[in-house]
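What follows is a single structure, written as structure tokens, with notes after it.
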Amino acid sequence: MSREIVQFAGGTDRLVLVGIQRRGPELAHRLAVLIEAKEGVSLPRGTLDITLYRDDVGTIGPKPVVGETHLPHDLDGTCIMIVDDVLFTGRTVRAAMDELTDFGRPARIGLCALIDRGGRELPIQADVVGKRVDARPTDRVDVLLAEVDGRDAVELVRVRGGGAGD
Amino acid sequence: MKPLLIRGGRVIDPSQHHDAVADVLIADGRIAEVGQGLGVPDGAEVMEARGKVVAPGLIDLHVHLREPGREDVETIATGARAAAAGGFTAVCAMPNTDPVTDNQAAVGFIVKQAQAAGAARVYPIAAVSLGQKGQQLAEFGELVGAGAVAVSDDGHPVVSSHLMRMALSYARTFGIPVADHCEDPTLKAKGVMHEGLVATRLGLHGIPAAAEEIMVARNLLLAELTNGHVHLCHMSTRGSVELIRRAKDKGIPVTAEVTPHHLTLTDDACEGYNTNAKMNPPLREAADVRALRSALKDGTIDLIATDHAPHHYDAKEREFDDAPFGIVGLETALGLGITELVDGGLLTLPELIDRMSVAPARVFHLPGGTLKRGAPGDVVVFDPAARWRVDPEQFLSKSRNTPYAGRELTGRVVRTVVRGRTVHPG
Amino acid sequence: MTERFLGKDLLGLEPLTADQIRFILDTAEPFKEVSERAIKKVPTLRGKTIVNLFFEASTRTRISFEFAEKRLSADTVNVAAAGSSVEKGETLVDTARNLEAMRIDMVVMRHPASGAARFLADRINSNVINAGDGTHEHPTQGLLDLLTLRDQFGRIEGLKVCICGDILHSRVARSNIWGLLKLGAQVAVCGPVSLLPMGIEDLGVTVFRRIEDAIQWADALNVLRLQLERMHGGYIPSLREYNRVFGVTVERLEKAPKDLVILHPGPMNRGVEIDSRVADGPHSMILGQVTNGVAVRMAVLYLLAGGRPEMAEAAKGRAGEVTE
């Protein structure tokens, strides 16, 4: 994936990796380390929390947690690679793009997703994908990372019936 | 008018230390006879009163009937009917109407309206000072001649000690009491509830107990000086109780009243900014309630008076600071007395009737308060065990401002008789 | 959980739990960051209508709320009304009903009568945020004071905070007392006895008669504005005497055993309750309070506007994103 990212960006010149909370930033960090080792450069990284940009503020739940957002100062002219763990409906990425453009005007934005599970509700596609997974709408696809969850894993949880949760 | 025989009830007449099952015969508007197994005179109506209590009609020395001036919230007629529903055969109407009852025409008006209403008797209380402005004495002689039974500037205190002294002395000529709303206005200032922890938490200005006690002390000293009869309205603090007790020990001519709400509620009732718990003097602390109850028991406080104060729903549906002071009380007084004071173990039923009928009659020198032969035919029959729920929408009063809505009470009036005529149920 | 975490309204800090207060402070952190961006706006409350209903003149609180609302992309309307119902001839009940009929989402209200916010909240379905009711509470001020202290000390628990001045008439003092006590601070008040409310010790608050003693004890002072009316009301003889006896001056602070943090809700009476050199000095966090004010208010608006659990459950049921 790191190779494809560099290929997509046409070099590491103006590349910035921005991970979407949660777990995106950890993935972005791992990818950045790989790229830095291979290309011998230092990559600027960012963290984005999209909770405040969601299109459904009424459904955020009774106790919403807003995570940290931290971006490199000047985004103008950069090539931003959004890094997310699971690409599903596409709404998270839409919110991320809205938020990024409030910070500046990147020359280009790309999307890198570890897992693409299909089920898009918006016309959004990943430029770099780790693995495609065939999941039903009622299934859950969870990515676990050692930094956050203690181990690395991708879990497909089949849910009987139509309800959410186990 | 037909004679009325009330048969088989528990007849409680504290004025004659009578507490036994008996019959009561009322004829020609007066008590004809109380005894066992009375015969039924020709044409008499018979009321079976087994299991009920028969007592001299209750007398409320302190009500506000709002007429003239605020007929939208109460009239003499509606107030008199509400009184009858509460078991009262007589009430005394305070003069802070619009215009103030400070001349004989105004007194006469109240008397006339009361007669027309034909429910409980209404005795006017006239103002101490013209317009209740606290400057010039009203003409007590004229007022008493027209029917006033006492004088008061209630609503306001008599601030000037000189004027109060003059009033107490002058009132002696006519044998009437001067009833004072004891309050130092500069201490009361912008206060809207009792000054204490609850007021601090709610962020409301408080009225300290001392605001009342200062004027109580002053009035007692003036009563001692003049030998005039001072009647202290709606006592609310344990400090006031102490002062009155010592004064009575010295033989000073003072009488005092307490309201049902000051005997049963504390300033906790103001939680949530409940404007139906806003009155003056305010509800105070548990220790004050305890002291008032003991005082009522041992006679330091002579009687219960409701300070019935009707207000419009819109007026009370306001920020606490802006809402007017006062609650209605005629239709809940007996129920509260039985539930909280008798069933609560403080008073016996005869003692309650003494505080609500015998003592009021004695203190204001009114007819009634007794079932002696020849006494006025003013009688209340009530069921001491009936359970009911307070529903302000059912009140006969025009106003609904009570903190007791929804409360379950024991003790309900069954019939009220004035001058031998049944005035409730109407 | 069938109730919103914070309920429908924010009327005061007294009804909240320590958890709820901490949650609001935590939620304010990301909003601090939003105010540092070049584009100080997030679309979160886009399309929500918020009315700032101020029955008392107030520039700073109203502006702070307005910034908070606009930075959340809400539509705001400012209504400046006369004081009491009696003065302006329209009752608070009617005002409430009219607002409801215009289908507004939230009301931020400041009113001179204690209990007015509760009065309104009981009668309309919109969220009501108390921006100060009489002498009762000013919860967002209490929250931003807590946040400012937490920024400086890293915690509230065990902190010694003394509130100085006219406690009797202060809603800021009351909200601070509730918030600090619930989060485990030690709370004291200091001022002329005539300006201390009855029963204050029963709330668990220490009383210092002299400012020197308070300065010896405290980690932080929250200095309240002393109003001219107090002199006219006979509570204190003069502002000059107040400054001489209770003023937070450089000389007094020099005798402090540690570096005291100074807070003030503003606006300041320089030279009365606080010296200019103290207000502008290195230990003053007064400007930090103002910055935190916008973040705290954004957090409160955000938490009250969203958070309908049934809708969240329904959204999860649609198998949307893992929301977390």
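Here are the numbers for the structure shown:
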quantity: Matching entry among B:Thr255, B:Thr200 (being more than 14 Å from chain C (Cβ to nearest Cβ) and of a type in the set (S, T, N, Q)); calculated: B:Thr255
quantity: Failed condition for C:Glu66, given (1) touching a residue at least 24 places away in the same chain (Cβ under 8 Å); (2) among the acidic types (Asp, Glu); (3) outside any loop (DSSP other than H, G, I, E, B); calculated: (1)
quantity: All helices (runs of 4 or more DSSP H) inside segment B:306-391 with 2 or more residues being within 30 Å of B:Ala189 (Cα to Cα); calculated: B:313-316
quantity: Only listed residue being out of contact with any Lys or Arg (no Cβ under 6 Å at 6 or more places or on another chain), among the charged types (D, E, K, R), buried (at least 22 other Cβ atoms within 10 Å of the Cβ) and under 29 Å from B:Val192 (Cα atoms), chosen from C:Arg97, C:Arg118; calculated: C:Arg118
quantity: Filtered residue count, segment B:182-191, keeping only those that are touching a Leu at 6+ places or on another chain (Cβ under 9 Å) and at the interface with another protein chain (Cβ under 9 Å from one of its Cβ atoms); calculated: 0
quantity: Odd one out for C:Thr61 among (1) assigned to a loop (DSSP other than H, G, I, E, B); (2) in contact (Cβ under 8 Å) with a residue 60 or more places away in the chain; calculated: (1)
quantity: Qualifying position, being at negative phi, of a type in the set (Ser, Thr, Tyr) and within 21 Å of the chain's Cα centre (by Cα), among B:Thr226, B:Thr264, B:Thr275; calculated: B:Thr264
quantity: Any hit, segment A:36-53, residues being at positive phi, surrounded by fewer than 22 Cβ atoms within 10 Å (Cβ to Cβ) and in a loop (DSSP other than H, G, I, E, B); calculated: yes
quantity: Which numbered condition B:Asp60 fails, given (1) assigned to a loop (DSSP other than H, G, I, E, B); (2) crowded, with 22+ Cβ neighbours inside 10 Å; (3) not small (Gly, Ala, Ser); calculated: (1)
quantity: Answer residue from segment A:77-104, given it is within 9 Å of another protein chain (Cβ to nearest Cβ), at pLDDT 90 or above and part of a loop (DSSP other than H, G, I, E, B) and is surrounded by the most Cβ atoms within 10 Å (Cβ to Cβ) among those; calculated: A:Phe88
quantity: Subset tally (residues that are surrounded by 17 or more Cβ atoms within 10 Å (Cβ to Cβ) and either in contact with a strand residue (DSSP E or B) (Cβ under 6 Å, 6 or more places away or on another chain) or in a helix (DSSP H, G or I) (or both)) for segment B:20-29; calculated: 5
quantity: Among the candidates C:Arg150, C:Arg97, C:Arg103, residue that is more than 10 Å from chain B (Cβ to nearest Cβ), at pLDDT 95 or above and over 13 Å from the mean Cα position of the chain (by Cα); calculated: C:Arg150
quantity: One residue from B:Val11, B:Val34, B:Val46 being modelled with pLDDT of 95 or more, surrounded by fewer than 17 Cβ atoms within 10 Å (Cβ to Cβ), aliphatic (A, V, I, L, M) and not assigned by TED's automatic domain parsing to the domain that holds B:Pro260; calculated: B:Val46
quantity: Segment C:1-47, residues that are at the interface with chain A (Cβ under 9 Å from one of its Cβ atoms), basic (Lys, Arg) and in contact with a Ser or Thr (Cβ under 8 Å, 6 or more places away or on another chain); calculated: C:Lys41, C:Arg46
quantity: Single residue of B:Leu347, B:Leu336 found to be closer than 30 Å to B:Cys270 by Cβ and surrounded by fewer than 24 Cβ atoms within 10 Å (Cβ to Cβ); calculated: B:Leu347
quantity: Close pairs (6 angstrom Cβ cut-off, 6 or more residues apart or separate chains): among the acidic types (Asp, Glu) in segment C:269-291, surrounded by 14 or more Cβ atoms within 10 Å (Cβ to Cβ) anywhere; calculated: C:Glu273/C:Gly165; C:Glu273/C:Val223; C:Glu273/C:Leu226; C:Asp275/C:Thr249
quantity: Condition check for A:Leu122: exposed (fewer than 15 other Cβ atoms within 10 Å of the Cβ) and aliphatic (A, V, I, L, M); calculated: yes
quantity: Count of residues meeting criterion [within 12 Å of another protein chain (Cβ to nearest Cβ) and of a type outside the set (A, V, I, L, M)] in segment C:106-141; calculated: 16
quantity: Hey, A:Asp116 facing chain C (nearest Cβ under 10 Å) and not hydrophobic (A, V, I, L, M, F, W, C) or not; calculated: no
quantity: C:Met311 vs. criteria at pLDDT below 95 and more than 14 Å from every other protein chain (Cβ to nearest Cβ); calculated: no
quantity: Residues of segment B:27-63 that turn out to be free of Cβ contacts under 8 Å to residues at least 60 places away in the same chain and among the charged types (D, E, K, R), as a count; calculated: 4
quantity: Residue count for segment A:54-76, restricted to those that are within 7 Å of chain C (Cβ to nearest Cβ), under 28 Å from A:Arg105 (Cα atoms) and at pLDDT below 85; calculated: 2
quantity: Single unsatisfied condition, C:Val207 versus (1) in a loop (DSSP other than H, G, I, E, B); (2) over 29 Å from C:Ala295 (Cα atoms); calculated: (1)
quantity: One residue from C:Thr27, C:Thr44 being assigned by TED's automatic domain parsing to the domain that holds C:Ala305, outside any loop (DSSP other than H, G, I, E, B), among the polar types (S, T, N, Q) and surrounded by 17 or more Cβ atoms within 10 Å (Cβ to Cβ); calculated: C:Thr27
quantity: Candidates C:Val187, C:Val207, filtered to the one that is over 28 Å from C:Ile24 (Cβ atoms) and hydrophobic (A, V, I, L, M, F, W, C); calculated: C:Val207
quantity: Sole exception among (1) at the interface with chain C (Cβ under 7 Å from one of its Cβ atoms); (2) modelled with pLDDT under 90 for A:Val41, by number; calculated: (1)
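The values are calculated or read from the model by the stated rules, or taken from the named source; none is laboratory data. What you are looking at is a predicted structure, and each value in this text was computed from that prediction instead of being measured. All Cβ positions, even for glycine, are placed from backbone atoms using ideal geometry, and neighbour counts span all protein chains on display.
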